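Notes for the one structure printed next.
The values are calculated or read from the model by the stated rules, or taken from the named source; none is laboratory data. Remember, predicted model here, so these are calculated numbers, not experimental data. All Cβ positions, glycine included, derive from the backbone under ideal geometry; neighbour counts span all protein chains shown. Just so you know, the surface numbers come from the protein's heavy atoms only, side chains and all, with ligands and any DNA or RNA stripped out. Shrake-Rupley method; radii C 1.70, N 1.55, O 1.52, S 1.80 Å.
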Amino acid sequence: MGQTLGRAPLPNGGRKFLNLPRSCVYDLWEAFNDIAEGFGLTVEEFQEILKSALLEFLSITERQLNTEADAVFRLLDDDTNNLVDSLEFLSTFALISAMTPEEKIRFIFAMYDFDESGVLTLDEMVLSFRSTLSGLAKLSKIDPPTESEVETIAVLGFETVRSKQRQTPVGSLPEAFGIDREAFVTFCLNTPEVMSWVEYFDDMEEFTLQQPHPQLVVSSMVRPSMHRSVGDEAVMSASFGGHLLRDLQRRGRPGGQKPWHNVLPFLATKKLDAEQPRPLPYKDVELEWVYGYNGHSCSQSLHYSAAGHIIYPAGALCVIQNVSKHEQKYFNAHSDLVTCLKVFHTEEGATIVASGEVGVRPSVLVWDCDSRTVLSVLQGFHRNGIAQLDFSPDRTRLATLGLDPYHSIAVYLWRSRQRLWSARTTCDKVHDLRFLSDNVIGTCGELHVTFWRKSKEAQESFRRYRGQYGPGMKPETNTCIGSVGDTVFSCSDTGFLHRWEGRNLIKSTRGHTSGIRCCYVVNQGAEQGLVTGCNSGKVIVWTAKLEVGATFNGLSLGAIETAINSLCYDALTSKILVSFTSCEVFEINSSDGRNVQNGGSIVAAHFKPRVCGLDVHPTTSHIFCTVGDDKTIRIFDAVKKKQLRVTILDSIAYSCAYAMDGQTVLVGLGSGIPGQEERKEGAFIVVSEEDLTLLYESRDSRCVIADIKVSPNGEKFCMASHDGCLYIYSTKKYVSKAKCRGHTGKVGHVDFSTNSQFIMSNCSADELLFWDTDSGELQAPKSMKNIQWDSITCVNTYPTQGIVDPVDDGTVYNMACRSNAQDLLVLVDNYGRVRLTGFPCLQEKA
């Protein structure tokens, strides 16, 4: 009896009875005992048995069932004597069912244990193998093993058991020697020839899904803003990219001057000493508050700590926020964007957190919430990023799901950092991963649910089993999976809550009118249940029996977008954390849905990847304004550490600036992304600072407005555009005064002189140019030598020439800002780093 590979072919006549649940297989056995008059079944008896056991489950008419039964009967009745061997029929249906291999083997044993002694004789074991393989071969129209091959395997099983039992005390062997149930199961599970046939007919497709296969370049779940290159790893990850950075340091920066370097000699006020090191700044920067949350890049990442604090990811940080005291603490050991986060509470009252990140070779960090110390680092296996992770119920293992094209899964002993097992899941999107028990992991996503059961034949290995939807329903996209007590469930994008038995779908309950996006399993002491949130903003609290309980309308909270992407329930305080895809976090009462935080949100900020514009109020320095890709203008208070007001625009905003009196805000519109231009690309608007109402709108450019500056005297303002021009306007009635042409690249930064007479600008072609604000004419650099500048936000200027790194590692400084005291310079780069240096920064040695 040789081994088989792949999956067996199966005619359409047998597909209706594929992947039956365990209960249906045993119903067939009971129906056979009640209806059949012997071991040879007529077509009428065959149809009656199937009707009695499967008609309700298959959800088809009796006529359709008889047609399907007749097709299978003809396949099994290969000698055309109008009789089917009942043992062949039952064992065949068991082997093509959705039961696990162990459950199938136990069922076969029970069938052929005719005297119910708990022992199979050699003849019974040979008959069980021969009848089962004969029925499977008939159903799939393949050649079965020969009788001699079957007998050889059966004899091998007996000899194996006999050799073990000979070591038992005298008198312990039964008088009629046989093989008991456990020995039979162990032998079959550990014999490759037997298991290859079991697996050959296991997990077969009921029908074929016609869909294009994705390109295996990068997972479709990785957004462009999350993609990382090897060069990025060299800068951002010291553990993996250090050797690459060392190579870059050996090469140094390529020679040759850029256009703006040619201007510097005309602006020099003294000769620089090349050997003099750049002075270190006398101050340091310390993180005071984080506005925002990674709701745009991850889901189900919002949690309560054991102390009642809120834990959530923001950028490359994990924030622990004390809501009552309005305080934040930060875990900052990640080197890139945090994409997932899970917690568990210990019996001692500690909170253990696991968080994953984006990266070429991303890391998973397990850390203590109270001390913010790293307990374990898991890295080296996944690629591109970590999509989801989950702790096992016994808290000893951690399962992780990657963002590689195959969405690989891994299981770790997280304390010892040992990877126990790993496998590929599917090329389709995988939305969730959960431990359903210590021995079962569930994953779900686009048109699939998959169960990974711990294998008995291989230590610390998991076997894959597809979730079976049954004949009445085709697969659909599932967004969440989990278990409440012993009940396994999944949530679909059509609003259904599916319940599973083994790997079979047994019941579907429609709770939401739109797709369920997230869920939180409540398992706190005696209180068990489920909380779900959907795309239309509804929150449902389900009972322990998964019956619909309290229902709340999240739209009443006032979020900008309606879809809920994270939930967390605290049984001690009866509160539910609710976050939306607009990155707003609210806390509601679980009994009436009332907003606990006096009608406001706990977290509110921009919810698209880019925040492009920022400016500080000219007279009230703790008030600042921001704009970004989410088409909103927001006003924040840095003292109260909260958002004061927000308004939604009809276009992406890229830049903003306060008028000198602080009563209005100028906003430049556009995306700045080629091929994704906004309808109002290049326009600008003026809004009231008090209530953000629109006061004025105009458009002279067709390209994004990348920067706006208001003159120190408050009489004019300048806009830098990606069309290579600068537009100067009067602040009175916003009349155009001049247009500056001369840049060969996209203008990104502009600064006024202290006398409001001149401006300087940088562009993407690395040019530094100077202009007269009245005429718009280009000025000679030598005439700008002694000009004082009201602000320094241009990156490439004379007083910032020393910021150039000696290593060409891909760092690009997006913005510079000089302090009001003119002694410090702050820089931000394309890797999200904030750097502080003394001003002026003239020496090239960084």
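Numbers at a glance
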item: Loop-resident sites, the stretch 668-719, for trypsin sites (Lys or Arg not before Pro), counting at most 13 other Cβ within 10 Å (DSSP); result: Arg679, Arg702
item: Dipole moment magnitude, nearest 20 debye, the chain about Cα centre, only Lys, Arg, Asp, Glu C-beta charged; result: 3900 debye
item: Gln257-Ala350 FRET efficiency (beta carbon distance; Förster radius 51 Å; 0.05 resolution); result: 0.35
item: Listed residues Asp637, Asp723 arranged by accessible area, highest first, probe 1.4 Å; result: Asp723, Asp637
item: Relative contact order of the chain, pairs being alpha-carbon contacts under 8 Å that are 6 or more residues apart, as %; result: 8 percent
item: Share of carbon and sulfur in the accessible heavy-atom surface of the chain [1.4 Å probe, %]; result: 49 percent
item: Computed over the stretch 645-756: relative contact order in percent, which uses C-alpha pairs under 8 Å that are six or more apart; result: 20 percent
item: Amide H partners (placed H, <5 Å) of Cys612, local residues excluded; result: Val627, Gly628, Asp629
item: Extension gain from Phe266 to Asn322, taking 0.36 nm per residue of separation minus the Cα-Cα distance; result: 14.7 nm
item: Charged-residue dipole, Cβ positions (Lys, Arg, Asp, Glu), the stretch 394-537 about Cα centre, Debye nearest 20; result: 320 debye
item: Residue-span extension gain [Ser59 to Arg395] - 0.36 nm each, minus C-alpha spacing; result: 116.8 nm
item: Part-to-part distance (alpha-carbon centres) for the stretch 388-442 and the stretch 96-149, which is given in Å; result: 35 Å
item: FRET efficiency, 1/(1 + (r/R0)^6) with R0 41 Å, evaluated for Tyr26 and Glu159 via beta carbons; result: 0.80
item: Theoretical gain in end-to-end length, Lys640 to Ala544 [0.36 nm per residue, Cα-Cα removed]; result: 30.5 nm
item: Order of exposure, largest accessible area first, which applies to Phe114, Phe552 with probe 1.4 Å; result: Phe114, Phe552
item: Spacing of the two label points (7 Å from each Cα toward its C-beta) at Arg419 and Lys507, in nm; result: 4.1 nm
item: Sum of -39500 (n - 2.57) over DSSP H runs of 4+, divided by residues of the chain (222 nm, nearest 500); result: -5500 deg cm²/dmol
item: Accessible area (Å², per residue) of the chain, counting only protein heavy atoms and a probe of 1.4 Å; result: 44 Å²
item: FRET efficiency, Asp691 to Glu288 (Cβ-Cβ, R0 22 Å, nearest 0.05); result: 0.20
item: Relative contact order (%) - criterion: Cα under 8 Å, at least six apart; region: the stretch 1-159; result: 29 percent
item: Glu147, Glu103, ranked by accessible area, largest first (probe 1.4 Å); result: Glu147, Glu103
item: For semi-axes √(5λ) of the Cα gyration tensor in Å, calculated from these coordinates, the label among [x] 51, 31, 30; [y] 67, 28, 25; [z] 51, 36, 26; result: [y]
